Ligand code: HEM
């Protein structure tokens with residue numbers, strides 16, 4: 001019989017390696033790991049993902065890790081279950097399906113190109129520092145509409161979200177309990193940041209267009225605080241996740257031979273006569289889409305996520321007890337030699353239709369912002385490739401990512417120069433036209 005904590009050391013030392021090593025070696029589709037008094041089951045076989053994620057909520061549902069979110073984030077679609085969850089999700093889904101994100105492609109392109117223009121005047125930059133801000137701007141566009149947030153508002157949101165994210169990491173990962181006065185100070189700081197953000201959301205709601213997500217949420221008759229918590233959740237869920245992936249995307253554009261040239265050529269094919277890429281043609285951008293998917297395979301921002309057993313259940317050959325935790329690890333699925341040839345290599349010729357590709361989850365709680373994230377990342381790939389040649393100035397290969405709430409990229413120092421040669425020019429037109 002193993003000790004309750006017998007795997008904790010290895011997990012804390014290197015959670016990413018732990019997931020792949022234990023997952024690959026396991027003979028069962030669920031591997032029991034010992035990280036504390038609560039039994040934890042690591043899903044090791046992608047075929048087991050559907051039975052877990054599609055199980056009825058009275059058997060398997062979001063659990064203690066997500067309830068910790070409530071303390072920080074309030075109640076929102078991420079932590080709700082049952083009818084309330086289905087209602088909000090259906091609304092968000094319909095809003096996105098109606099093109100809430102696609103309608104902003106010209107503005108998103110302008111934001112990206114304005115950034116490229118700025119970076120060209122700088123000797124170097126840290127990839128994640130700029131992609132995190134960029135993804136916040138892009139997700140805010142969809143939430144609030146064009147030109148609704150001032151730079152000051154944006155700063156207030158960044159501070160609230162960063163504060164919430166730090167607190168979340170503490171809630172989830174700190175082994176030692178916080179001193180009561182430290183916790184009080186922290187809670188107060190967060191409450192102030194969230195209140196300031198609530199004021200911003202309330203103010204900009206009045207100006208948000210009818211197609212924006214914040215406007216859609218109003219139709220559910222939510223209170224001001226509920227709308228604020230939902231918006232904070234959407235921004236939190238969409239900001240670092242997309243920003244992390246975008247940093248790696250820039251890294252691959254700079255370091256994979258021929259990649260950015262091929263995507264620059266694709267951008268030229270997709271663009272209309274005025275040099276703009278219309279939303280309706282993005283689905284034909286096969287190279288840029290494959291590059292985004294391969295980036296998400298190698299660096300899935302949600303490297304794991306969790307559920308709890310809500311009843312005693314049989315899953316495969318394992319018997320789970322009510323209260324057991326279940327870890328679903330995209331990092332393991334994406335990196336194991338059991339599911340991919342040369343998993344460490346960046347390759348565009350992969351089959352991303354396999355259940356072992358799981359960057360956005362699956363089932364009734366699959367990422368509601370998946371379309372928006374793919375759109376942002378594809379536009380970043382196309383516009384950066386069309387306009388620039390990227391270089392990595394720090395070491396290649398880059399250091400390992402840091403597993404936190406999301407999988408954070410290491411510092412990657414980069415520079416951009418204007419693209420010369422056959423595919424040059426398209427991006428410049430955008431850069432010059434950028435706001
Ligand atoms: C590359 C970027 C992204 C990645 C890798 C990602 C990944 C994920 C994953 C794996 C889940 C499922 C978690 C679970 O089942 O427990 C999820 C859920 C969610 N995501 Fe994303 N996400 C990304 C971007 C976004 C964006 C841009 C938004 C919003 C604008 C967003 C909003 C949400 C929300 C609200 C949920 C909860 C859905 C529910 O429980 O019904 N995500 N995301």
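Every number in this text was worked out from the coordinates using simple rules, so none of it is lab data. Note that the coordinates shown come from a computational prediction; the quantities given were computed from them, not determined experimentally. Every residue, glycine among them, receives a Cβ derived from its backbone with ideal geometry; neighbour counts consider all protein chains shown.
Results, tabulated for the structure shown:
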quantity: Within a Gaussian network of the chain (alpha carbon springs, distance under 10 Å), most fluctuating of 249, 30, 315; calculated: 315
quantity: Simple spin-label estimate for residue 87 and residue 184 in nanometres, 7 Å along Cα-Cβ; calculated: 3.8
quantity: Relative packing of 300-308, 391-399, 134-142, which averages over residues the other C-beta atoms within 10 Å, highest first; calculated: 134-142, 300-308, 391-399
quantity: Angle in degrees between helix 64-73 and the longest Cα principal axis of the chain, rounded to the nearest 10; calculated: 50
quantity: Helix 286-298 vs. the chain, principal-axis angle (Cα, 0 to 90°, nearest 10); calculated: 30
quantity: Proxy reagent accessibility, fewest Cβ within 10 Å first, across 324, 400; calculated: 400, 324
quantity: Sites residue 191 and residue 344, calculated FRET efficiency, Cβ-Cβ separation with R0 60 Å, nearest 0.05; calculated: 0.85
quantity: Neighbour-count ranking [beta-carbon atoms within 10 angstrom, fewest first] of 248, 181, 4, 340; calculated: 181, 4, 340, 248
quantity: Potential extension, residue 219-residue 354 segment - 0.36 nm per residue separation minus Cα distance; calculated: 44.9 nm
quantity: Sorted largest first, extent of the range 62-192 alpha carbons per principal axis (Å); calculated: 47, 42, 23
quantity: Gaussian network model of the chain, Cα within-10 Å springs - most flexible of 85, 58, 240; calculated: 58
quantity: The range 216-290-the range 63-87 distance, computed between alpha-carbon centres (Å); calculated: 26
quantity: Taking 326, 380, 405 and counting other C-beta atoms within 10 Å, the order from fewest to most; calculated: 405, 326, 380
quantity: Degrees, to the nearest 10: 224-255 long Cα axis against longest axis of the chain; calculated: 70
quantity: Cα-based convex hull, the range 312-426, per residue volume (Å³, whole number); calculated: 171
quantity: Euclidean distance of C-alpha centroids, the range 361-426 and the range 131-155, integer Å; calculated: 18
quantity: Rg(Cα)/(2.2 N^0.38 Å) for the range 8-433, N = residue count; calculated: 0.98
quantity: Selected from 254, 90, 387 as most flexible by GNM, with the chain as the system and alpha-carbon contacts under 10 Å; calculated: 90
quantity: Förster-model FRET efficiency, 56 Å R0, residue 284 and residue 17, C-beta, rounded to 0.05; calculated: 0.90
quantity: Hull volume in cubic angstrom per residue (convex hull over the Cα atoms of the range 1-130); calculated: 209
